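Here is the structure we will look at.
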Amino acid sequence: MNGIVAPIVAAEPVPLQTFLKPRRRLSVVMVVYMTGEALEHSLACVLADPLVDEFVIVDNGSSRPETASLRSLVDRDQRVVLLGGHGNVGFARGANMGARRASGDVLLFLNPDAFLQPGCIAELVRAIEDRPTPCIVGGRVLNADRTEQRGARRGDITPMSALMSLSRLTRRVAAWRRYEVHWEHDQPPEQIASVPTISGACFCMRRQDFEAVNGFDEGYFLHVEDVDLCWRVRRQGGLVLFHPKAEVIHLGHTSRVSPIRVEFHKGVGLARYFRKRAESVSQHLLAWVLSPVIVFSAVLRPVLRRLRGGAA
């Protein structure tokens, strides 16, 4: 594992029968936008879990068939709450809308192309109890082939670590290995562990903690808002935890939105994040100088992938 990762001593396992009785109310919050075929299976996985008391779906703009299907779901299951008609307000703002509408004491945020695995919610909710405030617990995000997904657990993302990772210098120079941001190739911890950053594809927070850090920063439209949230939790002296046994399969790249547009928002978000974190004059200057480079590099990636694919 890169950097210093302090294992968190887990509480004694609680029998499921005991856990199901005196527990906090749980709300799942999902922001939906042009997801595609994966959405139906993702919804089914959520509603199949007996620990879900409420399912708040924020529709940022689905196709007509998807919208009709979501409305039908509301009629079939009283746990489902559908928020729509506001247009595409971005993920961060949509997630905050869902959290405000949710009635649960515990909030679980889930991507619409992510499939909860058996026991995932129980593990996350159990892990959040009796932790210092604020606290965020992320699940182990897997690819369809069950390998750990890129970004499931990450180091502290700074301009230096981002440049080192993107340039792959961390793999070529052993002394610079500590700057590697992505840890998915490292052996996963055997128990819940403290990490700098977890994936926003599936994570859990107590409502009081989410509100204590003012939720998601709505200045991010798409991507990096999860990185920012983890940073603010740590900045307030809280814990960011990775749970190796809370598994979720995340397909990724299922949206019908152009990859170039997605990467553009990712680049803009990352540039904004570095400017936000900057404290000294030199850090501010570096963040502003790097901003156009970061955005250009982000947009260039899908272009190069498309060209390689065309050449093949």
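Computed from the coordinates by the stated procedures, all read-outs in this text should not be read as laboratory data. Fair warning: this is a prediction, and the values are worked out from it, not measured in the lab. Note that each Cβ is placed from the backbone with ideal geometry, even for glycine, and that neighbours are counted across all protein chains shown.
Side notes on the structure shown:
- One chain, two ends: Ala144 and Val289. Fully extended at 0.36 nm per residue, the span grows by 48.4 nm beyond their Cα-Cα distance.
- Efficiency of FRET from Cβ geometry, Gln78 and Glu129, R₀ 35 Å, rounded to 0.05: 0.85
- Gln236-Leu47 pseudo-label distance in nm [points 7 Å out on the Cα-to-Cβ vector]: 3.4 nm
- Note on Cys230, Cys202, Cys45: ascending count of other Cβ atoms within 10 Å places them as Cys45, Cys230, Cys202, the fewest first.
- Residue (of Leu110, Gly94, Ser161) at the positive-pole extreme of the range 59-211, dipole from beta-carbon charges: Ser161
- Difference of contour (0.36 nm per residue) and Cα-Cα distance, Asn214 to Leu163: 15.4 nm
- Stokes-Einstein D (µm²/s) once Rh is taken as the Kirkwood radius of the range 109-157 over alpha-carbon pairs, at 25 °C in 0.890 mPa s: 196 µm²/s
- A simple count of charges around His86, restricted to other residues whose Cβ falls under 12 Å of its Cβ and scoring Lys, Arg +1 and Asp, Glu -1, yields +1.
- Packing-based ranking, highest mean first, of 50-58, 232-240 given that Cβ atoms within 10 Å are counted: 50-58, 232-240
- Isotropic mean projected area of the C-alpha convex hull, the range 210-291 (nm²): 7.2 nm²
- Label-point separation, Ser103 to Arg308 (7 Å along Cα→Cβ), nm: 5.0 nm
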